[in-house]
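Notes follow the structure.
The values are calculated or read from the model by the stated rules, or taken from the named source; none is laboratory data. Note that the structure is a prediction, hence the values are computed from the model and not measured. Positions of Cβ are backbone-derived with ideal geometry, glycine not excepted, and every protein chain shown enters the neighbour counts. Each accessible area value is taken on the protein alone, full model and side chains, heavy atoms only, with ligands, DNA and RNA left out. Shrake-Rupley method; radii C 1.70, N 1.55, O 1.52, S 1.80 Å.
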Amino acid sequence: MKDLFAQFGWWRVAAVAIAAVPLVLLPLLGTVWLWQSGQILWWLLAVVLAGGIGLALHRVAVAREQRALPEMTTSPGAHWPAEAERCWAKVERLAETATIEEWPLADGAGLMRLARQVLVMVAQHFHPRARQPLLEMTLPHTLAIIERAARELREEIVYNIPFSHRLSLGAMTRAKDLHDLYKRHEGWFRMGRAILSPQSAVAAELRRAVFEQVSAHGSERLQTWLLREYIKKLGYHAIDLYGGLVRIEDDTPLAAPDSRSLADGEAADGQAAAAAAEPLRIVLLGRANAGKSSLINALFGELKAATDLLPDTTAGITPYRLDRDGALQALVFDTPGFDGAQANRKALERATAGADLVLWVTVANRADRAAERERLDEIRATLAEDPARRAPPLLVVMTHIDLLRPPREWQPPYLLDPPQGIKAEQIVAALGALADALDIDVARVIPVCLAEGRTYNVDDALWAAMLHAQPEADRVRLLRCLRARKRDEDWGLLWQQLGNAGRFLLRRAGRAE
Amino acid sequence: MNAERARGPWRKLYRALLSSEVDGERLGQALRAAAASQPVPVIWLLGLAQSGKTSIVRALTGSSRAEIGNGFRPCTRTASAYDFPPEAPIVSFLDTRGLGEVDYVPDEDLAQCEARAHQLITVLKITDTRVETVREVLCAVRRRHPDWPVVIAQTCLHEAYPEDADHVLPYPFAMTGWESRVPEAVRRLVLAQREQLGKLPGDGPVAWVPLDFTLPEDGYQPADYGIDALWSAIESASSLGLRARLRADPSVTDIYSRAAHPHVVGYSLAAGAVGALPVVDLALVPALQGRLLQLLAGLYRLPWTRRNASEFLGLLGGGIATAYSLRLAGRSIAKLVPGWGQTIGAVWGASASAATTYALGKAACAYLARRREGHVIEADMLREVYRAALARGRQLGRPPAERPPDGPVG
C-alpha cells in the first residue's frame with residue numbers, strides 16, 4: 001500500500017477514492033436491489049454466460065489471427081535472380097532469430113541499429129570486397145529503403161491488425177506499463193473488492209481470465225511479428241536496391257510493357273494496343289519443317305501462319321498476339337528453322353535472349369538429333385553465361401506423333417501412363433528417346449499432332465504445360481522488364497546530362513558573344 | 001538295293017548328313033578359308049539414323065531377322081555389318097547407323113565403309129527436307145571415286161500420303177509422267193529432295209528410287225513397294241550379280257525354296273573357294289555340303305533320317321554319284337600335275353566344288369519340298385533338277401565378278 005501512495009501521492013489517492021465512492025456504491029446498491037427483487041440468481045447466470053461467450057469468441061479471434069499472421073509475411077521478389085535469393089535466405093535467418101527482448105519496439109535507437117545491421121549484411125552480400133559496404137549505397141538509396149520498408153509495414157499493419165490505425169508504438173508500450181502495474185497490485189484490488197462486494201468479485205475474476213489472455217496475446221505475438229516483418233521489409237528493399245534490381249523513383253509498375261514489346265505487338269495486330277502489362281514473350285524454335293508454323297495455327301485455332309511440306313516457308317521472325325481468356329497474354333514468335341536457308345543466326349539469338357518461354361518444336365519420328373542438341377546446348381550456355389538473368393523455361397513440343405507406328409492408325413485419345421496399345425507405347429518410347437537425346441526432363445516434352453484435321457493435345461496438354469510454366473516465365477519476364485527499363489533510364493539520364501551540358505555550353509557561348 | 005549301292009561314293013556326305021552335328025572344327029576351318037580367299041561383296045547403306053536402311057536390308061534379303069528399329073532409337077553405336085546368310089555369307093551390308101545422332105563422330109566409320117564397299121546405296125527419308133549431312137559424305141566419296149555409281153533410295157513414301165491413301169499401283173515411278181500419278185505431296189517432296197541434293201561430283205550414274213518398305217502390320221500393300229525398281233537400279237549399277245545370288249528364279253513361288261536359295265548360293269561359293277585352294281583336305285567340301293543339307297532340312301522342318309537320306313542319295317542315282325566323286329577326285333589329281341596342274345586344278349576344283357554343292361542343295365530343296373507335301377518323288381525329276389542346277393552352279397564357281405572400276409580393294 002505504501003508504494004501505491006508513494007507512486008501516486010496522498011492527494012491523488014484520496015481524490016480517486018472519493019470520486020470512485022459512487023461508482024463503488026453503485027454495484028453494491030444494484031446487488032441489494034437484485035437481492036430484494038429476487039433476481040440475483042438470474043443475474044449471476046447472465047454473468048457466467050456472457051463471460052463464457054466472450055472467452056469463446058476470443059479463442060476464435062486468436063486462432064484466426066494466429067493463422068493470418070504467419071501468412072502475412074514478406075516473400076522474395078518474383079523478379080529476383082538466384083544471387084538475390086541467396087541473400088534473402090540470410091535476411092530470413094536474421095528475422096527468425098530476432099526477439100523483442102533483444103530489440104524492444106519502443107526503443108527507436110535500437111531499431112535504427114537493427115536497420116543498419118540489415119543493410120550492412122545485404123550490402124556485404126552484394127559487395128563482398130568493399131571495406132565500407134554501406135558506402136556502396138548513396139544516401140537517397142538508404143533513405144528510400146527505410147522509407148519503403150516503413151510505408152509497407154504501416155500498410156500491412158493497417159490491413160491486418162484491428163484498431164491498429166489508432167495504436168501507436170508508444171500507446172502499446174504505455175498500455176503494457178499499466179498492465180504491469182496492475183499485475184503488481186492486483187492482490188489488493190481483488191481483496192478489497194471481495195470484501196466490498198462478493199458478487200462483483202466473482203464477475204471480476206471471470207473478466208480477469210479473459211482480459212489476461214487478450215492482453216498477453218496482443219503484446220508478445222504481435223510485437224514479435226512486427227519486429228520480424230520490419231527486418232524482412234528492410235532486407236527486401238535493401239536487396240532490391242543493392243542488387244540493382246529497382247530504380248529510385250519507381251512509380252510505374254514493374255510489369256509495364258517494354259518499348260520493344262509495344263513495337264512487336266503493333267507488328268502483330270497492326271494497332272498499338274494500350275497493353276497494361278508486358279506480355280509474355282514465347283519463342284518457337286526448331287529445325288526447318290518441324291511444325292513451328294503449324295503449332296502457331298493450332299495454338300490460335302485458326303490459319304495464321306503459312307505452312308508447307310517444303311522447308312523455308314517462314315521467312316522471318318514473326319510475332320503473333322495471343323490473348324487466351326485473359327489467362328495468358330503473350331506474343332508468340334514464329335521463327336524460321338535454325339538449319340533452314342532463311343535462318344538469320346543473329347536474329348534468332350536475339351529472339352531467344354528476349355524470350356520468357358521457349359517452345360522447342362521437334363519431330364517424333366526421326367533420330368538424327370545431333371544438330372538440334374548442339375543448338376540447344378549453345379542456347380543453354382549463352383543463357384547461363386549471365387548470372388543476373390534467369391534462363392527462360394523450356395518446353396519441348398514433339399510433333400508428328402501420328403506418323404509413329406502403326407502409321408495408319410489414328411484414334412486419339414492415347415493414354416500414355418501406362419501406355420495402352422502399340423501407338424501409345426511408341427509415343428512413350430519416342431518421348432524417352434527425345435528427352436535423352438536433348439537432355440531434358442521427359443515431363444517437359446509434350447507429344448502433339450498438328451496434322452490438318454488431326455490436331456491433338458494442343459488445347460489441353462500443351463496449354464496446361466504452358467500455364468504450368470507460366471509462373472517461372474513470369475519471373476523471367478519481370479527481370480527482363482526491369483533490365484529494359486534500367487537501360488531506358490540510363491539513356492534518359494545520359495540525354496538529360498547531355499542536354500544540361502548543352503545548355504551550359506550555349507550559355508557560355510552566349511556570354512562569350 | 002539302289003540306295004545301298006549308291007551310298008559308296010556318297011559315303012562322306014552320307015555320314016555328314018546323319019551325324020547329329022557336323023564336325024564343327026572342320027566346318028569352321030572351311031568357312032574361314034572360304035571367307036579369306038573370296039571376300040563377299042559389300043553393300044554400303046548410307047543414311048541418317050532411322051531413315052529406313054534396315055528395312056532395305058530386310059527387303060533385299062527377305063530375312064526377317066534384321067532388327068528393325070522402331071523409327072527413333074539408335075540401334076548400334078557405330079557402323080555395323082550384317083552378313084547374309086550369317087554362316088556362309090553371299091553379301092554383306094554395312095550400315096553407318098549413327099549418322100546425325102547425338103555424340104556420333106562419323107569420320108572413322110565412313111573411312112571404313114568406303115574402303116570395304118562395292119556398292120553404295122544412299123537412303124533418304126522422303127520427309128527429310130534437309131539433306132546436308134548425307135550430301136557431305138556422298139560428295140566426299142564421289143570426289144575420291146568419281147565413277148562410283150550411286151543408288152539413292154527415297155524411303156517412307158507413306159509419310160507424305162494424304163489421309164487413308166494407299167500405294168499407287170502399279171509402281172509408277174519408273175514410268176514417264178509419274179508426276180501426275182502420285183499424290184501431290186509425294187511429287188513435290190521427291191522432286192525437292194532430288195533438287196536439293198543437286199549435282200554430285202564425278203560422272204558415275206545416279207539412280208533415284210522412291211520406295212516404301214513397311215511392316216506387314218502397318219497395313220500398306222505391298223509391304224515392299226518399289227523393290228523391283230531397287231533391284232533394277234542395283235543390277236544396272238553393279239556387276240556383282242547380286243540379284244541372282246539373293247533371289248531364286250521368279251518362277252519359284254515356294255517360300256521355302258526362296259528362303260533356301262541364298263543359303264545354297266552361300267555354301268556353294270564357300271565350297272568353290274575351298275576347292276580352289278592349292279592344298280586342301282578332301283573332307284572339307286563334303287562337310288560344307290552336309291552342313292548345307294542339314295540347314296535346308298531345318299528350313300523345311302524335315303530332319304534327315306537314315307531312311308530319307310538313303311532315299312534322297314539313292315534317287316539321285318549311280319551316274320550322278322560317280323560323276324560327283326570323279327569331280328572331287330579329278331581336282332585333286334590335276335593339282336598333282338606339276339606346272340599348269342596347279343592352276344587347272346584350282347579352277348576345276350573351284351567350279352566343281354561350287355557346282356556340285358549348288359546342285360546338291362537345289363536337288364535337296366526339290367526333294368524336301370515334295371516330301372513335305374507328301375508327293376511321290378520321281379528319280380527322273382530329281383536328276384533333272386540336279387543337272388540343271390549343276391550348269392548354273394558352274395557359273396558361281398568362276399572367279400569372283402569384277403569389282404566396279406576403281407573399286408576399293410576388299
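For region A:375-439, the spread of Cα coordinates along the three principal axes comes to 48, 20, 16 Å, biggest extent given first.
Cβ-Cβ distance of B:R387 and B:A115, R₀ of 25 Å, FRET efficiency by 1/(1 + (r/R0)^6): the value works out to about 0.05. The spacing between region A:340-398 and region A:84-111, judged by their C-alpha centroids, is 43 Å. Inter-chain neighbour count for B:159-169: the average number of beta-carbon atoms from partner chains within 10 Å of each residue's beta-carbon is 2. When Rg and Dmax are taken over the Cα atoms of region B:144-300, they come to 20.8, 64 Å. Accessible surface for B:V123 stands near 0 Å², nearest 10, in the context of the full protein assembly shown (1.4 Å probe). At full extension, A:E452 and A:D436 could sit 2.9 nm farther apart than now, given 0.36 nm per residue minus the alpha carbon distance.
Tell me: how much accessible area in total is hidden between B and A, 1.4 Å probe, Å², nearest 100? Spell out each step's value before the answer.
Numbers: alone 19210 and 29680 Å², together 46330 Å².
Counting both chains, the buried surface is close to 2600 Å².
Expressed to the nearest 5 percent, the antiparallel share of DSSP beta bridges inside region B:42-239 is 25 percent.
Which order do B:V168, B:V134 take when ranked by solvent-accessible area (1.4 Å probe, heavy atoms of all protein chains), largest first?
Working: B:V168 35, B:V134 0 Å².
So the residues, ranked largest to smallest area, are B:V168, B:V134.
Which percent of the accessible area of region A:359-493 is formed by carbon and sulfur heavy atoms (probe 1.4 angstrom)?
54
A simple packing score, the average count of other Cβ atoms within 10 Å per residue, orders the peptides B:373-380, A:420-427, A:364-371 as A:364-371, A:420-427, B:373-380, with the highest score first. Other protein chain C-beta atoms within 10 Å of residue C-beta, averaged over B:125-134: 4. Put a dot 7 Å past the Cα of B:R11, heading toward its Cβ, do the same for B:L169, and the two dots end up 5.7 nm apart. Taken over region A:300-436, the alpha-carbon convex hull comes to 159 cubic angstrom per residue. Using the Cβ-Cβ distance between A:E385 and A:H468 with R0 set to 22 Å, the FRET efficiency works out to roughly 0.25.
What percentages make up the Cα-Cα pair-distance distribution of region B:42-239 when the bins are 10 Å wide from 0? Bin by bin from 0 Å, the calculated values are 8, 37, 39, 14, 1. Placing a label point 7 Å from the Cα of B:L299 along the Cα-to-Cβ direction, the residues of region B:216-243 whose backbone N falls under 20 Å from that point are B:241-243. The mean count of C-beta atoms from other chains within 10 Å of the C-beta of residues in A:363-376, rounded to a whole number, is 6. Placing a pseudo-label 7 Å from each Cα along the Cα-to-Cβ vector at A:F5 and B:T176 gives an inter-label distance of 13.8 nm.
What distance in nm separates the simple spin-label points at A:R350 and B:E136, each placed 7 Å from Cα in the Cβ direction? Output for this residue pair reads 2.8 nm.
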